Amino acid sequence: MQPENDNDRIDMYGRMLIALETLESCPAFAVLVPEVRSNMVFASTTATSREDVLAIDGRITVTEGKPRAAGRLRFGASSHMARLILEIRKKDPSVRAGIDFANTPALAAWLEEYCRKKGWVFAKIDRSGEPEEIRREEGASMPWKVAEAIRAAGGRVPKILYENGAIGKEPVSVILGEEPIGIAQELCAIAREYKGPAR
């Protein structure tokens with residue numbers, strides 16, 4: 001359920017606005033915005049559906065080389081990322097926020113090493129192993145993907161996960177955390193280090 005308490009709603013909107021400002025003031029993040037664009041989500045503490053997940057309407061795009069929100073913050077504005085965070089929360093309710101970003105073979109290899117240095121749990125989802133009956137059914141992939149990520153991470157919820165894509169699906173990475181400001185700051189640090197002076 002969406003927060004009934006105004007203070008909780010103010011806290012959620014406030015944290016998301018600060019997180020969004022963090023991303024929009026980080027030009028390096030533009031290199032990590034995928035073709036499908038990025039979204040940032042923040043679930044209420046009692047979230048059970050996508051209507052309980054605050055997200056950016058229209059996602060985050062790139063305008064004049066800089067990340068920009070395409071629309072306003074709204075509960076129910078996300079489908080894919082909202083379903084992901086809801087599924088993750090069944091395993092770890094402390095995880096309330098997530099941001100999806102680009103994935104390429106070079107970035108994936110770099111991210112694995114970055115996570116090792118940071119001591120973060122990292123997981124790869126191999127979509128080629130997804131059962132055909134799950135792939136065919138609309139919306140059925142998410143429980144399988146989350147279970148696969150946790151299995152790949154040795155039974156733990158990963159800090160960063162990525163999938164290698166499937167036919168008609170762009171491969172993306174996701175960073176997870178307890179609230180959006182922290183993961184926005186972490187993702188900007190990743191973007192700046194990955195971009196580097198030579199990239």
Item checked: region 1-59, relative contact order in percent, only Cα pairs under 8 angstrom and at least six apart counted -> 46
Item checked: Under 21 Å from the Cα of LYS90 - lysines, other chains or at least 8 residues apart -> LYS124, LYS145, LYS159
Notebook entry, point to check: Taking the Cβ of THR22 as the center, what net charge do the other residues with Cβ under 15 Å away carry, scoring Lys and Arg +1 and Asp and Glu -1?
Noted result: 0
Next item on the list: Pick out, in residue order, every one of the trypsin sites (Lys or Arg not before Pro) in region 47-87 that is DSSP loop and has at most 14 other C-beta atoms within 10 Å; say none if there are none.
Entry: ARG72
Checklist line | Label-point gap, in nm, between THR61 and MET142 - each point 7 angstrom along Cα→Cβ | finding: 2.4
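In whole percent, what relative contact order does the chain give with Cα contacts below 8 Å and a gap of six or more residues?
Result for the chain is 24 percent.
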Note to self: Run lengths n ≥ 4 of DSSP H only: what is the helix-derived mean residue ellipticity at 222 nm for the chain, with -39500 (n - 2.57) per run over all residues, to the nearest 500?
What the structure shows: -12000 deg cm²/dmol
Check: Between MET40 and residues 5 or more places away or on another chain, which pairs have amide H atoms under 5 Å apart, with H built 1.01 Å from N, and which residues are they?
Finding: ILE56
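Each value in this text was obtained by applying a stated rule to the coordinates, not by laboratory testing. In this text the structure is predicted, and so the values were computed from the model without any measurement. Heads up, the Cβs are rebuilt from the backbone with ideal geometry, glycines too, and the neighbour counts pull from every protein chain shown.
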